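The values are calculated or read from the model by the stated rules, or taken from the named source; none is laboratory data. On a predicted model such as this, the values are computed, not experimentally measured, just so you know. Neighbour counts run over all protein chains shown; Cβ positions are idealised from the backbone, glycine included. Side chains are part of the model used for accessible areas, which takes the heavy atoms of the whole protein and leaves out ligands, DNA and RNA. Shrake-Rupley method; radii C 1.70, N 1.55, O 1.52, S 1.80 Å.
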Amino acid sequence: MDQARTLAAADGSGDTLHFRICAAHTPTAPPRSPVLLLHGLASNLTRWSEFVAHTHLAHARDLIRVDLRGHGRSE
């Protein structure tokens, strides 16, 4: 399941960071080590959409895609 989420920036600026988590396990399953996917300078988290949709890595790990500050939906 691929869920959109937001997180308040740690610097207290009031900005929010947008990210998505692709986690195929159930809440009762043991925790899995995540993989953080970061985009390049002229991109956003959608750069990883096709990869997340087709990789077998999502069966073993939680995949986290982040919109870095000033990119995509992150302020």
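Distance from a point 7 Å along Cα→Cβ of residue 32 to each backbone N in region 38-62: keep the residues under 16 Å and list them by number. Correct set: 51-62.
Computed from the Cβ-Cβ distance with R0 of 25 Å, the FRET efficiency linking residue 55 to residue 15 stands at 0.25. Of the peptides 51-58, 63-70, 13-20, 30-37, the order by per-residue mean of other Cβ atoms within 10 Å, starting with the highest, comes out as 63-70, 13-20, 51-58, 30-37. Electrostatic tally near residue 34: other residues with Cβ closer than 14 Å to its Cβ, Lys and Arg +1, Asp and Glu -1, net +3. Dipole magnitude for the chain: computed about the Cα centre from +1 point charges on Lys and Arg Cβ and -1 point charges on Asp and Glu Cβ, it is near 160 debye. Solvent-accessible surface (1.4 Å probe) assigned to residue 46 amounts to roughly 90 Å². Helical content alone sets the calculated 222 nm signal of the chain at -2000 deg cm²/dmol, taking -39,500 (n - 2.57) per DSSP H segment of four or more residues and averaging over every residue. Ligands, DNA and RNA are left out, and with a 1.4 angstrom probe the accessible area of the chain is 67 Å² per residue. Computed over protein heavy atoms with a 1.4 Å probe, the carbon and sulfur contribution to the accessible area of the chain reaches 59%.
Quick check: net charge around residue 21, other residues with Cβ under 12 Å of its Cβ, Lys/Arg +1 and Asp/Glu -1? With Lys, Arg at +1 and Asp, Glu at -1, the neighbours total +3.
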